[in-house]
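Working notes, structure below.
The numbers here are math on the coordinates, done by the rules we state, and not lab data. Every value quoted in this text rests on a predicted model; they were computed, and no experiment measured them. Cβ placement follows ideal geometry from the backbone for every residue including glycine, while neighbour counts extend to all protein chains displayed.
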Amino acid sequence: MVVQSPPLDQNLSREVTQLHAEFCSAIADVNRILILYVLHQKPTTVNELAQAIGVSQPTTSRHLKILRDSGLVQSERQGVNVEYRLVDSRVINALDTMRAIMRDRISQRANIVDSLFENT
């Protein structure tokens, strides 16, 4: 029996969807989101990042590895230090858009709750 591979378009679509899922997984942690916002301000070392987000240096390094592996940040040696920088600032635009959506949803829910109490 000969097994045929899926059409090229289907393979490409699956690959793009997998990359999308990996991207979402990379930003699915509060510390990684905080790291991205700090790096949006300026390139920063691991120790500076750890202090800025309030977690240990080893924990920050683990998060940076995930962000680096997903292509969201890159590292560059600056003398004895390694600085991390955001690869593409559009990720901040995406995070800001998600925050705006969440803010609107919270507002809608609050309005629903308010209307329930007004009717009682």
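Please compute the length gained on full extension between R62 and Q74, using 0.36 nm multiplied by the number of residues separating them and subtracting their Cα-Cα distance.
Values: separation 12, 0.36 × 12 = 4.32 nm, distance 1.38 nm.
Extra length from R62 to Q74 when fully extended: 2.9 nm.
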Handout entry: R103 versus N81: modelled label distance in nm, points set 7 Å from Cα along the beta carbon direction
Key = 3.2 nm
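Would you list T17, T45 from fewest to most Cβ contacts within 10 Å?
The most exposed by this proxy come first: T17, T45.
What is the sum of charges, Lys and Arg at +1 and Asp and Glu at -1, for the other residues whose Cβ falls under 11 Å from the Cβ of M102?
On the way: positive: R99, R103, R105, R109; negative: D96, D104.
Local charge sum for M102: +2.
When the helix-only estimate is applied to the chain (DSSP H runs of n ≥ 4, each -39,500 (n - 2.57), divided by the residue count), what is the mean residue ellipticity at 222 nm, nearest 500 deg cm²/dmol?
Computed ellipticity for the chain at 222 nm equals -22500 deg cm²/dmol.
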Problem - Residue of D69, D104, D29 that the Gaussian network model of the chain assigns the largest fluctuation, springs spanning Cα pairs under 10 Å - result: D104
Completion exercise
Calculating percent of Cα pairs over 20 Å apart from this structure picks out, from (1) 46; (2) 52; (3) 57, entry (3)
Practice task
Pick out, from V16, A26, A50, the residue whose Cα sits farthest towards the positive end of the charge dipole of the range 8-87, with +1 on the Cβ of Lys and Arg and -1 on the Cβ of Asp and Glu.
Solution key: A50
Exercise for the section: For D114, put the label point 7 Å out on the Cα→Cβ axis and report which residues of the range 87-107 keep their amide N under 20 Å from it. Expected result: 100-107
Practice task
Work out the length of the dipole vector of the chain about its Cα centre, built from +1 on the beta-carbon of each Lys and Arg and -1 on the beta-carbon of each Asp and Glu, and round it to the nearest 20 debye.
Solution key: 240 debye
Exercise for the section: For V55, list long-range residues whose amide hydrogen, built 1.01 Å from N in the peptide plane, is under 5 Å from its own amide hydrogen. Expected result: none
Handout entry: Under-5 Å amide H pairs with S70, H placed in peptide plane, nonlocal only
Key = none
